[in-house]
Amino acid sequence: MQAAVFVIFGATGNLAKKRIFPALFALSKQNLLPPKFKIIAAARTPFSSQIFRRTLRETLDLQNKDNWEDFTQKIDYLPLDVAQDFNLKDLGGLLDDFEKEVKTCPQRIFYMAIAPDIFEKATKNLGKNGLHQSCRHGGKPRIIIEKPFGWDLKSARSLAASITKYFTQDQIYRIDHYLGKETVQNIFAFRFANEIFEPLWSNQYIDSVQITTAERIGTEGRGEFYDKTGALRDILQNHLIQLMTLITMDAPTNFDAKSINQKKLEIVRGIKKLTADEIKTHTVRSQYEDYLAEEKIAPDSKTETYALTKLFIDNPRWQGVPFYLRTGKKLEGKVTSIIIQFKEKGHKLFKNFSQKPLPNHITIQIQPNEGIGIRLAAKKPGLGQELEPVDMEFCYKTSFDKPQPEAYERLLLDVMLGDQSLFMSEDLIEESWKVIDPIEEAWAKNLVPLSSYKPGGWGPKEADELIEKDGRTWLAPLLTICRI
Ligand code: BG6
């Protein structure tokens, strides 16, 4: 693999500690980093490299720190302020030194693990200091940015414009970490490598789809960011719309970023934009009790910690199928799942089958206990003709004895390899904002009143009422399959 140097801006922050360093360390333990590799950790705190390495060791929650010393030898720390253009010249110097040391042009990778409100200034300063240019022997630096990609369509466009001033699309890696999750990638395999499902994959057989990301945690020290963002922008606009896209898109011609993006775009463009009246009946916004008492939350905050929206795709394949997308914090448990409910066709034959909800649904459990389950109706043993719902399951844990890589391991490796297929494109982000903006605007005008829910449960009663009005019910509050 080509030599590489990772510059992590915001190296002392949460994202770096929780996701980036553990992922790079895991790659290093598996010998998946290039032999010529370096990390430049950059942040405002005036640490020496030695102190930074020691702090990192203490703060990282790693069960197994074998090989840690080897790994940390690859890390240098540089105090700088990328937003204020402080010390970027020294960064240029360090990059040049590494280039001389390895006698080749290492792939430069800039990881912008910084607060979203300084993205634009930071990119501008990289450009001003010539850091967006290739190193002396050629090569194009890559830049990694993380969601949120803007705040709405307008700010997403402005952010995109500021980055594309210095970096071309093939240099920009926009992370939505859900796309790096193993089970999410398995959606492709499940749909396109198993001929039995694809013929059923349309409004002819599918009744509805429920996509849920439930979390047990609250704002966890991210109050300042979260209070400005809310559940709709934090999770639904990106992770949940992406899951909806993967479950509904047509097969791409191949696995390259362009083909996948093209098929995804067709779906997101086809999502019907809700009118103000529809927003009143198709969405729920809610906040958990005691949210206002948390650190760095405005005392009169109207930010939602639970968001639900019912969406439709305006194309012949999906016309009329409701997609219920919901996410919330401080719920009973952590689970992300997609449940595909099939239409009721033959049950009438079994008069005494009164079980609700009806079986015949497929669950794709993204986390935890990753797996896929099919709920079927089976004949109860005995002389009668009674039916009972049963589950057929495929669980990663029992089917494979290999641990699954963390999403960030996969994504960071792909950045080094130059593969953009699991990353977000600018047009996809903009199309998703077009779905979300009208909802945000209506909520800001209080067209949908903010309700509240008790922590530790399954969210507000309004969410149950919304789906029950449609004659349906939530199929999976908690883990339904692979309870091992
Ligand atoms: C992030 C959100 O994108 O995803 C967080 O900003 C959320 O608020 C997190 O907690 C959930 O990710 P995961 O991988 O734990 O489901």
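Tell me which residues, restricted to the range 253-271, are outside any helix (DSSP H, G or I) and surrounded by 14 or more Cβ atoms within 10 Å (Cβ to Cβ).
The one that is outside any helix (DSSP H, G or I) and surrounded by 14 or more Cβ atoms within 10 Å (Cβ to Cβ): Ile271.
Looking at the range 230-252, which of the residues that are polar (S, T, N, Q) and within 16 Å of the ligand (Cβ to nearest atom) is surrounded by the most Cβ atoms within 10 Å (Cβ to Cβ)?
Looking at residues that are polar (S, T, N, Q) and within 16 Å of the ligand (Cβ to nearest atom), I get Gln237.
Mind checking which residues of the range 429-439 are buried (at least 20 other Cβ atoms within 10 Å of the Cβ) and of a type in the set (Asp, Glu)?
Glu431, the sole residue that qualifies.
Considering Asp85, Asp97, which residue is on the phi < 0 side of the Ramachandran plot, away from the ligand (no atom under 16 Å from the Cβ) and either more than 29 Å from the chain's Cα centre (by Cα) or not acidic (Asp, Glu) (or both)?
It is Asp97.
Looking at the range 357-376, which of the residues that are surrounded by fewer than 18 Cβ atoms within 10 Å (Cβ to Cβ) and away from the ligand (no atom under 16 Å from the Cβ) is nearest to Phe197 (Cα to Cα)?
Ranking the candidates gives Leu376 first.
It is to be established whether one or more residues within the range 441-448 are surrounded by 16 or more Cβ atoms within 10 Å (Cβ to Cβ) and either over 24 Å from Ala156 (Cβ atoms) or of a type in the set (Asp, Glu) (or both).
Restricting attention to the range 441-448, the residues satisfying the condition of being surrounded by 16 or more Cβ atoms within 10 Å (Cβ to Cβ) are 442-443, 448.
Those still in the list that are either over 24 Å from Ala156 (Cβ atoms) or of a type in the set (Asp, Glu) (or both) too: none.
No: zero hits.
Output the number of residues of the range 279-291 satisfying the condition of being buried (at least 18 other Cβ atoms within 10 Å of the Cβ) and outside any strand (DSSP E or B).
Residues that pass the stated criteria total 3.
Report, ordered by the first and then the second residue, all pairs with beta carbons closer than 7 Å, sequence separation of six or more or different chains, a first member in the range 81-96 that is in contact (Cβ under 8 Å) with a residue 40 or more places away in the chain, and a second member that is part of a helix (DSSP H, G or I) and of a type in the set (Val, Ile, Thr).
Ala83/Ile118
Kindly provide the set of residues from the range 166-177 that are in a strand (DSSP E or B) and either within 16 Å of the ligand (Cβ to nearest atom) or hydroxyl-bearing (Ser, Thr, Tyr) (or both), ordered by number. First the steps, then the outcome.
Of the range 166-177, the ones in a strand (DSSP E or B) are 172-175.
Selection gives Tyr173, Arg174, Ile175.
What number of residues within the range 85-108 are of a type outside the set (Phe, Trp, Tyr) and over 17 Å from Phe37 (Cα atoms)?
Final tally of qualifying residues: 5.
Would it be correct to say that Ser432 is at pLDDT 90 or above, of a type in the set (S, T, N, Q) and closer than 17 Å to Ile241 by Cα?
So Ser432 fits the description; yes.
I'm trying to understand the selection: among the residues of the range 121-146, which are modelled with pLDDT of 90 or more and either under 18 Å from the mean Cα position of the chain (by Cα) or hydrophobic (A, V, I, L, M, F, W, C) (or both)?
Within the range 121-146, Ala122, Leu126, Ile143, Ile144, Ile145, Glu146 meet the criteria.
Tell me, which residue of the range 178-221 that is in a helix (DSSP H, G or I) and either aliphatic (A, V, I, L, M) or within 11 Å of the ligand (Cβ to nearest atom) (or both) is nearest to Gly373 (Cα to Cα)?
Ile187
Given the range 380-478, what helices (runs of 4 or more DSSP H) lie entirely inside it while holding 2 or more residues that are in contact with a Lys or Arg (Cβ under 8 Å, 6 or more places away or on another chain)?
407-417, 426-444, 461-469
The values are calculated or read from the model by the stated rules, or taken from the named source; none is laboratory data. Source: prediction; values computed, not measured. Heads up, the Cβs are rebuilt from the backbone with ideal geometry, glycines too, and the neighbour counts pull from every protein chain shown.
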